[in-house]
Amino acid sequence: MRIFVGIPLPEDIRERLRGLCSGLPRARWISPENLHVTLRFIGETDDAMAEDVDTALGSIRVPPFEISFSNVGFFERGRKVHTIWAGIQASDAIGQLRDKVENAVVRVGFEPEKRKFKAHVTLARLRGVPARRISEYLHVRDGFFAGPFLAERFTLFRSHLGHGGAHYEVLADYPLDAL
């Protein structure tokens, strides 16, 4: 099974983000019900390891915290933009939660994440979109802001890949509570 850890978004925030999900030809937009903040992509694993991840995540204690979105940007690979995202305002709280999730996943036996964490919500995957169109898209959405909302839980998701895109199944929810 293919799993990852993320923060689910409330309906009103997903609706605000959905307003960003148009305006680029050949973009594969993420469906609103799948919008989330990824804390750690784990990937393919078996049931036993997924259970170990669940147990490790269940021991994490972090108080609830607010999340606000403050920009739209992109990730590139080899000078080609491949992802459009909504950025999250920097906060120690989300970094603390992400670090605890990372430590839990590594303790279970997964390799440490090599990429630097950038808190975001993926809006679209791109292939072959002209740079000029991406620049125009970002310019029009400059100054985007949404939130805040109170993050009160994080989730272990299973990703089912299909022809119509991915479908995410909640395997477990973990409440954020006082330390």
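Throughout, read-outs are computed from the coordinates displayed, never taken from laboratory work. Just so you know, these numbers come straight off a predicted model, no measurement behind them. Because the Cβ atoms are built from the backbone with ideal geometry, glycine has one as well, and the counts that use them run over all protein chains shown.
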*Treat each spin label as a single point 7 Å out from the Cα along the C-beta direction, and report the Arg2 to Arg125 distance in nm.*
0.7
*Cβ-Cβ FRET estimate between Asn103 and Arg132, R0 fixed at 45 Å, reported to 0.05*: 0.60
_Burial ranking of peptide ranges 12-22, 94-104 (average Cβ count within 10 Å, highest at the top)_ = 94-104, 12-22
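Add -39500 (n - 2.57) for each DSSP H run of 4 or more in the chain, then divide by its residues: what number comes out at 222 nm, to the nearest 500 deg cm²/dmol? Mind showing how you got there, number by number?
Working: 4 runs with 47 residues, N = 179.
Here the helix-only value at 222 nm equals -8000 deg cm²/dmol.
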*Quick one: which residues, 5 or more positions from Ala172 or on another chain, have an amide H under 5 Å from its amide H? H modelled 1.01 Å from N in the peptide plane, none for Pro or chain starts.*
Leu156
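What is the extension gain from Phe117 to Ile60, computed as 0.36 nm multiplied by their sequence separation minus the C-alpha to C-alpha distance, in nm to one decimal? Working shown, then result.
Working: separation 57, 0.36 × 57 = 20.52 nm, distance 1.85 nm.
Length gained between Phe117 and Ile60: 18.7 nm.
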*Which of the peptides 136-148, 52-64 is most tightly packed, and how do the rest follow, judged by the mean count of other Cβ atoms within 10 Å per residue?*
52-64, 136-148
_Karplus (6.51, -1.76, 1.60) ³J(HN,Hα), θ = phi - 60°, over segment 78-89, in Hz, Gly and Pro reported as x_ = x, 6, 10, 6, 10, 9, 9, 9, 9, x, 9, 4
*Which far-off residues, 5 or more places away or on another chain, put their amide H under 5 Å from the one on Arg153, with H placed in the peptide plane?*
Leu176
